[in-house]
Amino acid sequence: MSTRTSVRIALIAGSIVALAACGKSDVPPTAAPAAPAPAAAPAAAPAAAPAPAAAAPAPTVDEAVKRAAAEVYVFAYPMVLSEVTRQREAAVAGLNAFEHRRGVPGPSTTGVANPNADFLYSQAWLDLSREPVILSVPDTKGRYYLIAMLDAYSNVAASLGKRTIGTEKREFAITGPRSKAAIPEYVTEIKSPTEMAWLFGRIEVGEGATQAAVTKLQDQFTLTPLSEYGKKGRRKPAEKPAARAAAPGDPAAEVAAMDAPTFYSHVAMLLPGNPPTKDDAPMLDKIRAAGIVPGQPFDMAKLTPLAATSVQEGLKAAREAVETAAKRVSTADVRNGWSIDRDVGRWGADYGKRAVAARRGLGVNAPEDAIFMVARFDANGQRFDGNNRYVLHFDKGNLPPTEGFWSLSLYNDQQHFAENPIHRYNLGSSDNLKTNADGSLDLVVQAADPGGNANWLPAPKGQFYLILRVYWPKQDVLDGRWAPPGVRRLT
């Protein structure tokens, strides 16, 4: 019974007692019989007793439990999505081993949103619960590369590449949060905050580079369990499992289809090896309030019917909120029609933003490694349409400020590259771009070949959008002092 209901009942009871006291006779007794009184008027009918208070309807949802379940869903969503993704993709390469993707992404690349044709990609899902793994990187001889290590919650825990360590040959020991293993003195330790980690690597292809040359570099990025690591300068490669087909389907769709027992059981079983940080301590209270015990499957049968309903309703509300927000156009810093989000990769306690970013696609970079800028509208606020012609014009000296490189990519409304006759899906500083006589630069975006020496990025018939990527951006980009100009529609 709630406090408010108890107080209301006590007030009603007190009122009834007071009314009864006021109705008692207060006439003093007499010594002799009084003279006969005239006939009295008929006695009034007794007052009706007060109607009993209507019982409050039984609650159908415990709002506190519902809110806790919803907050836990948003907090843990990236971890559960990462685990489902890891299970699917480890079927191809196994755990603690690289999967090197040999081809540059193209229109047939449909398993990832917004693919990038600047790189050849490599990835590895790590299980650090048993022992560390040794990451060996080759001398890329100045070629740009980047390996981002993401923890279970999709935070960028480390960045390795030309910006941070140069391009010489190096070796690193990646250790889990509970590891006490002795690391060889000539190997640099990288501590992962969670036992599940994802290495997302890429090597720039660049203008004129052969994919065969970059493929050879890919093969020199290796992972070796510490127990199999030999003496200095010698190592035994990790054995790969027999090739298997990845499980069909979409990990995000699988997570969205989970009921409360399935989702929260994933959370419970993942928490011991992937602990929240000290800053996440308040979330532990929410986890307990939702009935989740780390290391134990979530059992709805142990909850009261009210609590079970509340947990399921909390999951449903949070899931709908994440799915809806992920479909919206980002409302980050919008400049000249470009949506620019610089506060990514290290989410802190912004669990909502982290969950929405994971739903849109795992693998967000730290801002100092890359800033992505998205445009869906021209300078006049009209949606891009391949039936029109557009130009992105950079004045002399106003190209994207970068220590690395930049590129402009075009995508159809399915978040994929659009097929085109010259098989060109991005243009950037690594290409042989033609500048104007005054030193400015024009990138022409349209369906038909503009002819001449135009820097042409082919567009499909229909709606599309653009992503400008700036790798290793300079401080002007990070601070927001530089933004790309609006894309003008040509008439």
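The values are calculated or read from the model by the stated rules, or taken from the named source; none is laboratory data. Treat the numbers as computed from the prediction; the structure is a model and nothing was measured. Quick reminder, even Gly has a Cβ in these numbers, built from the backbone with ideal geometry, and neighbours come from all protein chains shown. The protein model used for the area step is the full one, side chains on, heavy atoms only, and it has no ligands, DNA or RNA in it. Shrake-Rupley method; radii C 1.70, N 1.55, O 1.52, S 1.80 Å.
Pop a pseudo-label 7 angstrom from the Cα along the beta-carbon direction at both Lys180 and Lys316 and give the gap in nm to one decimal.
Taking the two extended label points, one gets 4.8 nm.
Going 7 Å from the Cα of Leu490 in the Cα-to-Cβ direction, what parts of region 421-449 have a backbone nitrogen less than 13 Å from that spot?
442-449
From the residues Ser429, Phe417, Asn387, which one has its Cα farthest along the dipole of region 385-454 in the positive direction, the dipole being from +1 and -1 charges on Cβ of Lys/Arg and Asp/Glu about the Cα centre?
Farthest towards the positive end: Ser429.
Compute the distance in nm between two label points, each set 7 Å from the Cα along the Cα-to-Cβ direction, one at Asp250 and one at Asn436.
Modelled inter-label distance: 4.1 nm.
Students often forget the sequence filter, so: which aspartates and glutamates lie under 19 Å Cα-Cα from Lys278 once same-chain residues fewer than 8 apart are removed?
Glu71, Asp151, Glu195, Asp350
Leaving ligands and nucleic acids out of the surface, order His423, His100 by accessible area at 1.4 Å, largest first. Could the numbers behind the result be given before it?
Values: His423 120, His100 35 Å².
Ranked list, largest accessible area first: His423, His100.
Ignoring any ligand, DNA or RNA, what whole percent of the accessible area of region 61-152 comes from carbon and sulfur when the probe is 1.4 angstrom?
Working: 1340 of 2900 Å².
With neighbouring chains kept in place, the figure for region 61-152 is 46 percent.
Set the Förster distance to 56 Å, then compute FRET efficiency between Lys461 and Lys278 from the Cβ-Cβ distance, nearest 0.05.
Details: r = 53 Å, r/R0 = 0.95.
Given R0 = 56 Å and the Cβ-Cβ separation, E is 0.55.
Of the accessible area of region 277-391, with the probe set at 1.4 angstrom, what percent is carbon plus sulfur? Working shown, then result.
Numbers: 3020 of 5830 Å².
So the carbon and sulfur contribution to the accessible surface is 52 percent.
Using alpha-carbon positions, what is the distance between the centroids of region 428-461 and region 265-288, in Å?
Cα centres, region 428-461 to region 265-288: 50 Å.
How much length is gained on full extension from Val293 to Ala326, taking 0.36 nm per residue of separation minus their Cα-Cα distance? If you can, show how the numbers build up before the last one.
Details: separation 33, 0.36 × 33 = 11.88 nm, distance 2.92 nm.
Gain on stretching Val293 to Ala326: 9.0 nm.
In nm, to one decimal, how far is the Asp476 label point from the Thr210 one, both placed 7 Å along Cα→Cβ?
3.8 nm
Compute the Cα gyration tensor for region 420-471, then decide on rounded, prolate or oblate, letting a ≥ b ≥ c be the square roots of its eigenvalues: rounded whenever a/c is under 1.5, prolate when a/b is larger than b/c in the other cases, and oblate in all that remain.
On the way: a/c = 1.88, a/b = 1.29, b/c = 1.45.
Oblate is the answer for region 420-471, as a/c is 1.5 or above yet b/c matches or exceeds a/b.
Under 1.5 on a/c is rounded, so check that first for region 107-198, then, if it is not, pick prolate when a/b is larger than b/c and oblate when it is not; a ≥ b ≥ c are the square roots of the alpha carbon gyration tensor eigenvalues. Could you put the intermediate results ahead of the total?
Numbers: a/c = 2.50, a/b = 1.30, b/c = 1.91.
It comes out oblate by the Cα gyration axes.
Tally Lys and Arg at +1 and Asp and Glu at -1 over the other residues with C-beta under 12 Å from the C-beta of Ser440: what net charge comes out? Mind showing how you got there, number by number?
Details: positive: Lys396, Lys434; negative: Asp395, Asp438, Asp442.
Taking every Cβ under 12 Å from that of Ser440, the sum is -1.
Translational diffusion coefficient, Stokes-Einstein: compute it for region 377-417 using the Kirkwood radius over C-alpha pairs as Rh, at 10 °C and 1.306 mPa s, and state it as an integer in µm² s⁻¹.
Values: Rh = 12.9 Å.
It comes out at roughly 123 µm²/s.
Do any of Lys162/Lys216; Lys191/Lys327; Lys191/Lys474; Lys327/Lys474; Lys66/Lys302 go past 23 Å between their Cα atoms, and which? List each step's numbers first, then the result.
Values: Lys162/Lys216 18 Å; Lys191/Lys327 34 Å; Lys191/Lys474 27 Å; Lys327/Lys474 30 Å; Lys66/Lys302 16 Å.
Distance filter (> 23 Å) returns Lys191/Lys327; Lys191/Lys474; Lys327/Lys474.
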